[in-house]
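Only one structure is covered here, and it is reproduced in the block below.
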Amino acid sequence: QGWRTLAAELDRFRDRLQRETGAEPLVAGMLWKMPGELSFYCRGQPECYSFGAALADRHSQYELWRPNPVSDPDAFRGKDFLYVGEEIPDAPRIFDSVEPPILVVHRDGGIPVAAWKIWVCRGFRGFPPRQSKASY
């Protein structure tokens with residue numbers, strides 16, 4: 001519940017960053033299911049990515065679709081991302097800068113039922129190599 005609420009906030013941030021930089025920011029999520037939800041509900045259904053493989057989440061089809069920021073960092077270097085999820089460990093090594101998160105809360109009848117953090121991450125550098133390969 002609340003995907004439209006989250007997408008509306010992401011669209012607002014996408015507009016802001018495009019005005020500031022002249023480039024459309026990319027959208028990524030922490031969890032394996034996040035890119036599909038974000039792409040479906042965001043205006044224009046942008047291509048979205050998963051950082052899950054780099055953040056120890058379960059594997060998903062987003063790792064197989066290329067290019068992706070975890071497997072193909074060179075294709076994304078210098079790009080800005082809107083990231084939905086928990087704090088990325090070692091974020092200062094992965095991005096030039098990361099703004100403090102904005103908490104988005106979806107309410108149903110005034111009762112909070114879902115919450116997400118949106119991070120504005122500028123200047124993607126790439127994730128450090130994984131220490132071990134997880135099995136599928």
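The values are calculated or read from the model by the stated rules, or taken from the named source; none is laboratory data. Keep in mind that what you see is a predicted model, and the values were worked out from it rather than measured. Here the Cβ positions follow ideal geometry from the backbone for every residue, glycine too, while neighbour counts run over all protein chains shown. For the accessible areas, the whole protein counts, side chains as well, though only heavy atoms, and no ligand, DNA or RNA atoms are used. Shrake-Rupley method; radii C 1.70, N 1.55, O 1.52, S 1.80 Å.
For region 4-20, give me the residue count where each residue is farther than 21 Å from Val105 by Cβ and open to solvent by 70 Å² or more (accessible area, probe 1.4 Å).
In the first step, residues of region 4-20 are kept if they are farther than 21 Å from Val105 by Cβ; the result is 17-20.
Applying the additional criterion that residues be open to solvent by 70 Å² or more (accessible area, probe 1.4 Å) yields 18-20.
Result for region 4-20: 3.
Leu82 versus (1) buried (at least 16 other Cβ atoms within 10 Å of the Cβ); (2) free of Cβ contacts under 8 Å to residues at least 60 places away in the same chain; (3) touching a helix residue (DSSP H, G or I) at 6+ places or on another chain (Cβ under 9 Å): which is the lone unmet condition?
The failed condition is (2).
Looking only at region 95-127, how many residues end up being in a strand (DSSP E or B) and of a type outside the set (A, V, I, L, M, F, W, C)? Before you say what the answer is, go through the steps one by one.
Step one: list which residues in region 95-127 are in a strand (DSSP E or B), which gives 95-98, 102-108, 111-124.
Going one step further and asking which of them are of a type outside the set (A, V, I, L, M, F, W, C), we end up with 96-97, 106-108, 112, 117, 122-123.
Of the residues in region 95-127, 9 are in a strand (DSSP E or B) and of a type outside the set (A, V, I, L, M, F, W, C).
Given (1) loosely packed, with under 13 Cβ neighbours inside 10 Å; (2) under 11 Å from the mean Cα position of the chain (by Cα), where does Gly29 come up short, assuming only one miss?
With respect to (1) loosely packed, with under 13 Cβ neighbours inside 10 Å; (2) under 11 Å from the mean Cα position of the chain (by Cα), Gly29 is out only on (1).
Given the criteria surrounded by 13 or more Cβ atoms within 10 Å (Cβ to Cβ), outside any loop (DSSP other than H, G, I, E, B) and over 15 Å from the mean Cα position of the chain (by Cα), does His59 qualify? Show your work before the answer.
On the way: surrounded by 13 or more Cβ atoms within 10 Å (Cβ to Cβ): yes; outside any loop (DSSP other than H, G, I, E, B): no; over 15 Å from the mean Cα position of the chain (by Cα): yes.
Against the criterion (surrounded by 13 or more Cβ atoms within 10 Å (Cβ to Cβ), outside any loop (DSSP other than H, G, I, E, B) and over 15 Å from the mean Cα position of the chain (by Cα)), His59 does not qualify.
Could you check Tyr49 against (1) outside any strand (DSSP E or B); (2) within 11 Å of the chain's Cα centre (by Cα) and say which number it fails?
With (1) outside any strand (DSSP E or B); (2) within 11 Å of the chain's Cα centre (by Cα) applied to Tyr49, the lone miss is (1).
Is it the case that region 40-56 has a residue that's over 23 Å from Arg14 (Cα atoms), charged (D, E, K, R) and surrounded by fewer than 17 Cβ atoms within 10 Å (Cβ to Cβ)?
So the first thing to find is which residues in region 40-56 are over 23 Å from Arg14 (Cα atoms), and the list is 53-56.
Applying the additional criterion that residues be charged (D, E, K, R) yields none.
No, that holds for no residue.
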